[in-house]
Amino acid sequence: MDQDTVLDQGLRGFPAFDSIFAAHPVRRGTAVHPLPAGRSLAMSRSTVNAFMRANEVAGLLVLVDGRVRLERYALGHSATRRWTSFSVGKSLTSTLAGAAVKDGAIRSLDDNVVAYLTALTGSVYDGVTVRQLLTMTSGVAWNETYADPRSDIVQLYNGVGASIPSPLGVAKALRRETPAGTTWRYKTVETHLLANLVVAATKKPLAQYASEKLWAPYGMEADASWVVDDAGVEQGGCCLQATLRDYGQFVLDGARVNGAAIVPEGWMRAATSKQADIGAPGHGYGYQWWTSDDGSFEAQGIFGQSIHIDPTRRLVVVMHSAWPTAVGEALEARVVRFVATVAAAVDAEHRDP
């Protein structure tokens, strides 16, 4: 399949996941959290345009201190159009797990997973804690290589038609690789399990819980949607459809609604700090967030979806993209360089306001 064909499929499919697959609505509320316009960020239009073209960026948003400093759309995308999150949705699932802890629905992060997901009793997940799901340190074997047709992630979705299979059956067939809590390995299936766990604990669909705890009270601009599996449970590791403007700022605000955090005290600090060593100097993994030792952190999804948050600079950079491949070193390197250019532009303002 050539690059143009992949791009065309992405442009048709990424805004339309909730028309391809069953999905639950994440309802907005009556009030909208303001994202006022700020002065334009001092970056040349040619620099921004070149980056967007090279990385097939459909939507780009830069917020500084809650103000819109740069907002661009391409490839038919717009401010009112939703786009699928891929694994960016993992970070929202993690935040909802935090809300469930604060609500008392999840009693402790050190609880056995099977205390909530009884279907996994006797499986490799019996003895794994909620915390180990959050940090992907269960020790369960898993291959997340998207280009390998025999990998676990490809097999998870192999043959998917109008419905997506529940992860519970897949999880029961997995084997142990290392003792629980000793090794990090990226596993989308574990965020799907985390979503099942939050649903079981709260006794509410994840989309409804997201609406009640965050989407409506915080004041997101538009309804979102969340693709569900054939058991009617949201795909916690994937497939939240939302507009560009409804990502990121709530995390920089500490997941607070009307001044009150929806998660326990210290949750967001722990969630966005290194909880697991991923073998990359200067970087780590928190509660479903990719962390950096400089204090910034990210949500990342295949085909170029990302949220970069830098609390020191009060900076949020959000991207919707349609990369020709799920992952790619050159594409990822360009994102890193572009975000660094944005940060440098913010720093220059402080030096010469």
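The values are calculated or read from the model by the stated rules, or taken from the named source; none is laboratory data. Quantities reported herein were computed from a predicted structural model and do not represent experimental measurements. With ideal geometry, Cβ positions are generated from the backbone for all residues, glycine too; neighbour counts draw on all protein chains shown. For the accessible areas, the whole protein counts, side chains as well, though only heavy atoms, and no ligand, DNA or RNA atoms are used. Shrake-Rupley method; radii C 1.70, N 1.55, O 1.52, S 1.80 Å.
Of note:
- Per residue accessible area of the stretch 5-121, 1.4 Å probe, in Å²: 44 Å²
- Volume of the Cα convex hull of the stretch 124-193, divided per residue and given in Å³: 84 Å³
- For the stretch 232-244, the Karplus equation 6.51 cos²θ - 1.76 cosθ + 1.60, evaluated at θ = phi - 60°, returns couplings of x, 9, 4, 6, x, x, 6, 6, 8, 9, 8, 7, 4 Hz by residue, with Gly and Pro reported as x.
- Percent carbon-and-sulfur accessible area, the chain, ignoring ligands, DNA and RNA, probe 1.4 Å: 51 percent
- Here the Karplus curve 6.51 cos²θ - 1.76 cosθ + 1.60, taken at θ = phi - 60°, turns the phi angles of the stretch 289-301 into couplings of 10, 8, 10, 10, 5, 7, x, 7, 7, 9, 9, 9, x Hz, with x standing for Gly and Pro.
- Cα lying deepest toward the dipole's positive end in the chain, options Ala54, Ala348, Gln241, charges on Cβ: Ala348
- Sorted peptide list for 172-180, 227-235, criterion being average Cβ within 10 angstrom, highest first: 227-235, 172-180
- Value at 222 nm in deg cm²/dmol, rounded to 500, when DSSP H runs of n ≥ 4 in the chain each add -39,500 (n - 2.57): -8500 deg cm²/dmol
- For the stretch 51-95, the dipole from Cβ point charges (+1 on Lys and Arg, -1 on Asp and Glu) about the Cα centre works out to 60 debye, to the nearest 20.
- Farthest toward positive dipole pole in the stretch 1-154 [+1 Lys/Arg, -1 Asp/Glu at C-beta], among Leu70, Val154, Trp142: Leu70
- Hypothetical label at Asp65: residues of the stretch 307-351 whose amide nitrogen lies under 17 Å (7 Å Cα-Cβ projection): 310-317, 343-351
- Residue ranges 256-266, 110-120 sort as 110-120, 256-266 when ordered by packing (mean number of other C-beta atoms within 10 Å per residue, highest first).
- Residue ranges 183-190, 74-81 sort as 183-190, 74-81 when ordered by packing (mean number of other C-beta atoms within 10 Å per residue, highest first).
- Considering only Val130, Val32, Val114, and ranking their Cα positions along the charge dipole of the stretch 1-137 that arises from unit charges at the beta-carbon of Lys, Arg, Asp and Glu, the one farthest toward the positive end is Val32.
- Whichever lysines have a C-alpha closer than 28 Å to that of Lys204, once near sequence neighbours (fewer than 8 apart) are set aside: Lys90, Lys102, Lys172, Lys187, Lys213
- 0 to 90° range, to nearest 10: angle between helix 89-102 axis and the chain longest Cα axis: 60 degrees
- Dipole magnitude for the chain: about 540 debye, using +1 per Lys or Arg Cβ and -1 per Asp or Glu Cβ, origin at the Cα centre.
- For Asp111 and Ile20, the FRET efficiency from 1/(1 + (r/R0)^6), where r spans their Cβ atoms and R0 equals 35 Å, is about 0.50.
- Overall, the ratio between the Cα radius of gyration of the stretch 198-334 and 2.2 N^0.38 Å, rounded to two decimals, is 1.10.
- Charges were assigned to the Cβ only: +1 to each Lys and Arg, -1 to each Asp and Glu. The resulting dipole of the stretch 132-288 about its Cα centre is roughly 380 debye.
- The length gained by stretching the chain between Ser273 and Asp347 to full extension, at 0.36 nm per residue less their Cα-Cα distance, is 24.3 nm.
- Normalised alpha carbon radius of gyration of the chain [divisor 2.2 N^0.38 Å]: 0.95
- Rg [Å, one decimal], Dmax [Å, integer] - the stretch 255-308, C-alpha atoms: 12.4, 39
- Per-residue 3J(HN,Hα) values for the stretch 37-47, derived from phi via the Karplus relation 6.51 cos²θ - 1.76 cosθ + 1.60 with θ = phi - 60°, read 6, x, 5, 4, 5, 6, 9, 5, 4, 5, 5 Hz in sequence order (x marks Gly and Pro).
- Compactness check for the stretch 18-119: Cα Rg over 2.2 N^0.38 Å is 1.50.
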